[in-house]
Amino acid sequence: MSVKTKEKKTRYKGTLRLYITWPLILTLLLLAGAFGIYFINARAGYAAFGVTFIYAVIALSVRFYNRRSIANDLVNFATSFGQVQKGLLKGLALPYALLDENGRFVWCNSEFQALIGKELPFGKSITTFVPELTKDRLPMGEENVEMEFSVNGRDFRADIRRNSLDEMVRDSLITDDEGFTGSIITLFLFDETEINLLKKKNRDETIVAGYIYMDNYDEAMEDVEEVRRSLLVALIDRKIKKYFAEYDAVVKNLERDKYFVTMKRIAFDRLVENRFDILEDVKTVKVGNEMSVTLSMGFGLETGTLAEDNSYARSAIDLALGRGGDQAVVKTTNNTTYYGGKSMQMEKNTRVKARVKAQALREIIEQKERVFCMGHQITDIDTFGAAVGVFRVTKQLNKKCHIVINNVTQSIRPFVDACSKESDFDPDMFVTNSEALQLADPGNSVMVVVDTNKPSITECPELLKRIETIVVLDHHRIGTETIENATLSYIEPFASSACEMVAEILQYISDNIRIKSVEADSLYAGIMIDTNNFMTKAGVRTFEAAAFLRRCGADITRVRKLFRNDMGSFQARAEVVRNAELFHEKYAISICDGNGLESPTVVGSQAANELLNINSVKASFVLTDYQNRIYISARSIDEVNVQIIMERLGGGGHINIAGAQLTDMSPESAKQKLMDIIDDMEKEGAFE
C-alpha cells in the first residue's frame, strides 16, 4: 500500500475543535465584560479584570499542559474503537480482504483465511489464490467491479472497490491532516454455490418441446413392396421411440410420419452433445427400400412458457424442412442452431408444387399494375436469368416489369447488352434503386425476389419495406434471416438454380407462352453456372428445364461465347489457384486480389471451382476483397458441407456451393477467422 505523509502539526476539526477552544472564547467574553464594568465602576472593573486574568491563566495552563494527554486519550479511544471494528470485520461471516493497488494482501478476515487455507497471505498477490482476478481486472476508478469465479469447488461472486486514502482522511471528524496519497482495494466474496445449484436444477427440470418429421416418407415407401411397408414404418417408429426413451422423453405420434416429443432440459443437453445422432442412425433402416428415410427435427426452448416453446418448435421444424431436411434446428429467443444437414435433399419427381406456385404467382401479378424483380447484390447470371424469366411472365400477363440492377458486372454485361438490343423490351426494363423507389406504388406493385431469401443482401432492401406484396423464388436453404412477410414463398433447396425454378414456372403460366432466344440463353446460362456445367446438383428436373429452354431457342455455343473471360481475368484466376494453401491437407484456401478486375467476385468463384480439381482437396475457399468487403466463395464435391461453415460467418447457400460476406476486416484476418471456424467445427465433430 502506497501511503505518504508530511510532518505538520495536527489540527482538530469539527465539534472536537470547538470543545478544545471554548475556554479561549470564554476568556474573551469575560474580558469584554470586565471592560464594561470598568466604565461603570473603576474598582469593580479592576476586580473583574483580576478574576478574568486568573481564569485565563488556569484555562491556558490546562489547555497547553494537558494537550498531549488529550491527544493520547483520543488516540487510545480511536484505537479501542478501531479494534472493535477490526474484531467485527474479523468475525464477519463474509470473506473480506484489503488489497493494495497492485493486488497484494494488506489484511483479510478469518473467513477469507479459511477459504484460501492460508493464515498469513499478507504481501502475496490475490492472483496466487484466484487466477482469474488479475491486476488488469482490478477497478481503476470509482466504478465497482463484479466477477464470478470458483475457489475450492465453490462458486463466488466478488464485489471489488477502490477507495482513496486521501478521501478517507479528508472526511475524518477528528483531524484535518493532509498529504495522504494512494488507495486501497476492498474485496467482498459472496458464496453463490447453493444459488447456482438451484438455478441449474431449475434449468435442468424445464421442459423442451419438439417435432420430428419424416422428410421423404412417400418417396421411400414407393421403393418398398406393399407387404413390407408396414414393417418399414414399424422399424422406424421403434427406432425413434427407443432412441428418445434413453433420454427419458415422451414421444407421441401425430400422424404416420410426424411425432411430438417432450423432455427435460438436462436430457436435451445430452442430445445436443451427441449431435442428434438419430439423424444418421435412422438411415440404416433397410427392408428393401433403395432410398433411406431421413428425419427433420425442430425444438423450441428458453422462452419461459411451454406454449411459446411449442410455437418456437413449430418454427424450427418449418425451418428444418425449408433448408432441405435431414437436420435438427434448435430455436431459442436469442439464437437458432443447426445440426446435421449433411446429405443432399432428394429431388422430387413431381411438379405439382411448381404448377401450384405458378398459378398463385399468376393470380398475384394479375391483381397488380406493376412488377419489380431483384436478386442479391452484385447480380450474377443466375439472378439475372431468373429476373429475365419473371420479366417474360409479366409481359405474358400484359403487366409492366422492372428489373432492379445497380451495377452491371462483367459476367452479365453481354446478356444485358443482348436484351437492350431487343425491340420488344422496354427502355425502363432495368432500373436502379432510386428509380425503383420513385416508381413503386405500395398498393399496386409486386416485388419478386429471386435467388436469395435474405433481405439484407438484396439489391434494394428499402423496396421490401415500401411494397406490400412480396414473392420469393429461391433455391438456397433458409437461414436465420429470411423475408418473413412474403405473400408467396417458393423455396426449393433441391433445385439447382433459380433459373431452373423459373423455367418450370414458365411452363405453367400460359399454354402459348413464347420465350425469346435471349431470354432462353439467360436462363440456360444461369443453370450452367450454378451447376458448374451440369456437374454439380444437376438432377432430372434440371435437365428437363434445360431441354425446355433448348426448345425455346437457347444456343449452347452462343452461351459459351458469352461466358468467355478477358485475358486479365483468366490470369487472375490462375494466380489465385497458384497461391492457394492447403489447410489440414484437405481445405484449399486462397485470396483473390480484386484490384484491376471488373468482376473479382466472379473470378473468385471460378477459382474456387478450379481448386476442387486438385487431389485431396475436399473443400475450397476463395476470399475476394471488393468494395470494402470480403466475399468468400466456398465449394466442395460431397465430403464437406460448406454451407454450415459459411453460416458461422453469417452467410449460407448449399451443401457444396455457399458463400459469405464480411465487413471491417482485412483478407488476412478473414482467412484466419475462417481457419479458426474450421478448427472449431472439426473439434466439435460437425463434419463427421
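Before moving on, here are some points about what is shown:
- Any chance Gly526 is closer than 30 Å to Asp593 by Cβ, among the small types (Gly, Ala, Ser) and in the same structural domain as Lys421 (by TED's automatic domain parsing): yes
- Residue that is nearest to Thr333 (Cα to Cα), among those in the stretch 288-305 that are buried (at least 16 other Cβ atoms within 10 Å of the Cβ) and among the aliphatic types (A, V, I, L, M): Leu301
- Residue check: Ile637 meets all listed conditions (1) surrounded by 22 or more Cβ atoms within 10 Å (Cβ to Cβ); (2) closer than 22 Å to Met535 by Cβ but one, namely (1).
- Qualifying residue in the stretch 587-598 (condition: closer than 16 Å to Ile378 by Cβ and under 26 Å from the mean Cα position of the chain (by Cα)): no
- Complete set of residues in the stretch 586-604 that are among the hydroxyl-bearing types (Ser, Thr, Tyr) and either touching a Lys or Arg at 6+ places or on another chain (Cβ under 8 Å) or on the phi > 0 side of the Ramachandran plot (or both): Tyr587
- Of all residues in the stretch 192-204, those that are touching a residue at least 60 places away in the same chain (Cβ under 8 Å) have Cβ atoms under 6 Å from Cβ atoms of residues that are surrounded by 12 or more Cβ atoms within 10 Å (Cβ to Cβ), 6 or more apart or on another chain, in Arg203/Arg265; Asp204/Arg265; Asp204/Ile266.
- Qualifying residue in the stretch 280-294 (condition: assigned by TED's automatic domain parsing to the domain that holds Phe244, assigned to a helix (DSSP H, G or I), of a type in the set (D, E, K, R) and farther than 24 Å from Met681 by Cβ): no
- Checked against the criterion of being at pLDDT 85 or above, closer than 30 Å to Phe268 by Cβ, within 42 Å of the chain's Cα centre (by Cα) and part of a strand (DSSP E or B), the stretch 179-194 has at least one qualifying residue.
- The stretch 506-532 - residue that is of a type in the set (S, T, N, Q) and assigned to a helix (DSSP H, G or I) and, of those, nearest to Asp555 (Cα to Cα): Ser517
- From Val603, Val622, Val617, Val576, residue being surrounded by fewer than 23 Cβ atoms within 10 Å (Cβ to Cβ), among the β-branched types (Val, Ile, Thr) and in the same structural domain as Asp638 (by TED's automatic domain parsing): Val617
- Residue tally, condition in a loop (DSSP other than H, G, I, E, B), in contact (Cβ under 8 Å) with a residue 60 or more places away in the chain and touching a Phe, Trp or Tyr at 6+ places or on another chain (Cβ under 8 Å), over the stretch 562-611: 0
- Candidate set: the stretch 295-317, residues that are in a loop (DSSP other than H, G, I, E, B) and among the β-branched types (Val, Ile, Thr); chosen: the one farthest from the chain's Cα centre (by Cα): Thr305
- Residues in the stretch 222-253 that are aliphatic (A, V, I, L, M) and without any contact (Cβ under 8 Å) to a residue 24 or more places away in the chain: Val227, Val233, Ala234, Ala245, Ala249, Val250.
- Residue in the stretch 539-551 that is surrounded by fewer than 22 Cβ atoms within 10 Å (Cβ to Cβ) and more than 18 Å from Gly389 (Cβ to Cβ) present: yes
The values are calculated or read from the model by the stated rules, or taken from the named source; none is laboratory data. These figures come from a predicted structure and were not determined experimentally. Reconstructed Cβ throughout: ideal geometry from the backbone, glycine too, with neighbour counts over all protein chains shown.
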